[in-house]
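Engineer: Here you go, one structure.
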Amino acid sequence: MCGRLNGQSLTKCYRGESEGSVIEPRSLDYAQLTGFMIMSFAAILLAANLSFVSPETGAVEALLDDLREHPALSAYESDASAAHNNAAGQMGLPNPRVSVGVNNVPVTDPLQFDEFLPSNRSVTFSQEIPSRGLRGARSDRERAGAEIAHARRTAHYDLLASELLVSLAELRTADEIIALIAAQLEILDELEATLEGEVDAGRPVFADLSDVDADRAEADERLAEAESMRAQAMSRIHRLVGPLEGTAPMIEAIEPPSEPAQAGFHSVRVAQALARAADAGVAVRERDYDISYGVSVSYLQREDGANFAGDDWVSVQLGLSIPLWSRWNQTPRLEAARDGASAARLRIADASRTAGDAFRAAAAEHAAAVRAASSLERRDRALDGVAAAAQRQYESAAGPISPVLDARINQIDVRISRHLQRLAADRAAARMSSLIAGTE
């Protein structure tokens, strides 16, 4: 492709076939071409410097505040609220029972209460009283569930925040690439016009014209990819925070965090909350051995008979539960709960290792992308020197214009690659941040 042709093929566009001497570019309007070079290079610099716009910190913070209203986060809040309400409800007593009936009446005349002394109408009130320790353990288990919901909400918020910041970085990169490709297409148009002038002058540069077409097709493909990136980023932003009022804010870069201690990872904090819930489940199973009580009071209304007085009676009963079958009931459940708690504690260590590995992998990707971007920046400066030298040769009529345009086209390719490496660094930094528990 013309944008990456070696020096010889570019020079052939401006050399004679027999003597190999440089053809002076007298067929070109020097003032017009010089003006074009200045304008093209200014367009390139403008496109390259889009990344130096000051970050709109306030607008980004406003979007992060809006993100807190995301439905997924609200769902976690509802889960936590439900768990807190359940915790309060576990401390209450079960509903009492009230029963009415008739007792000890003749089968042949069940509504006759004055034939037999024990015949009566009754109203009974009964209340089960589970162990307060058992009720407290069940309440603690529900509160542990609320902690799980809070930990997951915080982790999910940081994950969504990193996705939002990456989307803003993709918008920035897409706009930068679109501006660079627009400048590149202008240079390719000028190079094509220059080569067509050479064809009109009878010089065989048809292959180089084909290379320009190939370069333009590649630029169009890159432009389509950049526009697709921009559209997808805007779609994700709308999904996260809803439609934007005005344009999206531009961010400069996503700073990577330092590796935290074990408890600083979201996955570890969630695993710790799950382990506390498992321990609370063990406490519940231990309290299953507690004695539960029950009380009932019955009022029995009697009628006078021929041979007995119909005084009313009152009965009071107190009952309690005995873990007589604990070997086949409570004990296996307690052992299962202890096994589950042990597994939950082991998952804390697994979560720590997994999160640490993911963090270090993202840190390595970030370091590689930053290093690549730095290398491309040095290459960009080197191409500045190459283009300046070619410009001086052209202005002194010692060389053609093609090496100047070729250097500028290559410089745009380098700058596009540098912006993509910056985006890769931002993605890695966001992934690192999403793993670490913040203060949200």
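Engineer: So if I check each of 319, 305, 294, 310, which one is without any contact (Cβ under 8 Å) to a residue 60 or more places away in the chain and over 34 Å from the mean Cα position of the chain (by Cα)?
Structural biologist: 319
Engineer: How many residues does the stretch 369-414 hold that are hydrophobic (A, V, I, L, M, F, W, C) and either closer than 20 Å to residue 426 by Cα or not in a helix (DSSP H, G or I) (or both)?
Structural biologist: Looking only at that region, the number is 9.
Engineer: Residues to consider are 128, 170, 115; find the one that is of a type in the set (Asp, Glu) and in a helix (DSSP H, G or I).
Structural biologist: Exactly one residue qualifies, and that residue is 170.
Engineer: Out of curiosity, is residue 302 over 25 Å from residue 136 (Cβ atoms), of a type in the set (Lys, Arg) and exposed (fewer than 15 other Cβ atoms within 10 Å of the Cβ)?
Structural biologist: No.
Engineer: Next question. Among the residues in the stretch 338-355, are any under 30 Å from residue 173 (Cβ atoms), in contact (Cβ under 8 Å) with a residue 12 or more places away in the chain and surrounded by 12 or more Cβ atoms within 10 Å (Cβ to Cβ)?
Structural biologist: yes
Engineer: Between residues in the stretch 382-397 that are closer than 22 Å to residue 415 by Cβ and residues that are assigned to a helix (DSSP H, G or I) and of a type in the set (Gly, Ala, Ser), which pairs lie under 7 Å by C-beta distance while being six or more apart or on different chains?
Structural biologist: Hits for this filter: 383/407; 386/407; 387/407; 390/407.
Engineer: Please state which of the following conditions residue 366 fails to meet, knowing it meets all the rest: (1) farther than 30 Å from residue 119 by Cα; (2) part of a loop (DSSP other than H, G, I, E, B).
Structural biologist: The number of the failed condition is (2).
Listed here are the residues, each with its yes/no results for (1) over 30 Å from residue 267 (Cα atoms); (2) among the β-branched types (Val, Ile, Thr).
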{"residue": "105", "(1), (2)": "yes, yes"}
{"residue": "110", "(1), (2)": "yes, no"}
{"residue": "122", "(1), (2)": "yes, no"}
{"residue": "127", "(1), (2)": "yes, no"}
{"residue": "148", "(1), (2)": "no, yes"}
{"residue": "154", "(1), (2)": "no, yes"}
{"residue": "157", "(1), (2)": "no, no"}
{"residue": "160", "(1), (2)": "no, no"}
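Engineer: Which count do you get for residues in the stretch 237-252 that are within 23 Å of the chain's Cα centre (by Cα) and surrounded by fewer than 16 Cβ atoms within 10 Å (Cβ to Cβ)?
Structural biologist: Going through the stretch 237-252 one residue at a time, the tally reaches 7.
Engineer: How many residues does the stretch 115-130 contain that are under 60 Å from the mean Cα position of the chain (by Cα) and of a type in the set (Ser, Thr, Tyr)?
Structural biologist: Within the stretch 115-130, residues that are under 60 Å from the mean Cα position of the chain (by Cα) and of a type in the set (Ser, Thr, Tyr) number 2.
Engineer: Okay, moving on. Quick test for you: out of 294, 305, 281, pick the one residue that is farther than 30 Å from residue 364 by Cα and modelled with pLDDT under 95.
Structural biologist: Only one candidate passes the filter, namely 305.
Engineer: Among the candidates 24, 69, single out the residue that is closer than 30 Å to residue 397 by Cβ, assigned by TED's automatic domain parsing to the domain that holds residue 174 and either at pLDDT 90 or above or part of a loop (DSSP other than H, G, I, E, B) (or both).
Structural biologist: Only one candidate qualifies: 24.
Engineer: Okay, next question. From the list 159, 111, 117, exactly one residue is loosely packed, with under 12 Cβ neighbours inside 10 Å and of a type outside the set (Val, Ile, Thr). Which is it?
Structural biologist: The conditions single out 111.
Engineer: Another question, then. Can you find even one residue in the stretch 275-283 that is within 25 Å of the chain's Cα centre (by Cα) and either buried (at least 21 other Cβ atoms within 10 Å of the Cβ) or at negative phi (or both)?
Structural biologist: yes
Engineer: Taking the residues in the stretch 408-440 that are closer than 18 Å to residue 178 by Cα and hydrophobic (A, V, I, L, M, F, W, C) as candidates, determine which candidate is farthest from the chain's Cα centre (by Cα).
Structural biologist: 409
The values are calculated or read from the model by the stated rules, or taken from the named source; none is laboratory data. All of these numbers come straight from a predicted model, not from anything done at the bench. All Cβ positions, glycine included, derive from the backbone under ideal geometry; neighbour counts span all protein chains shown.
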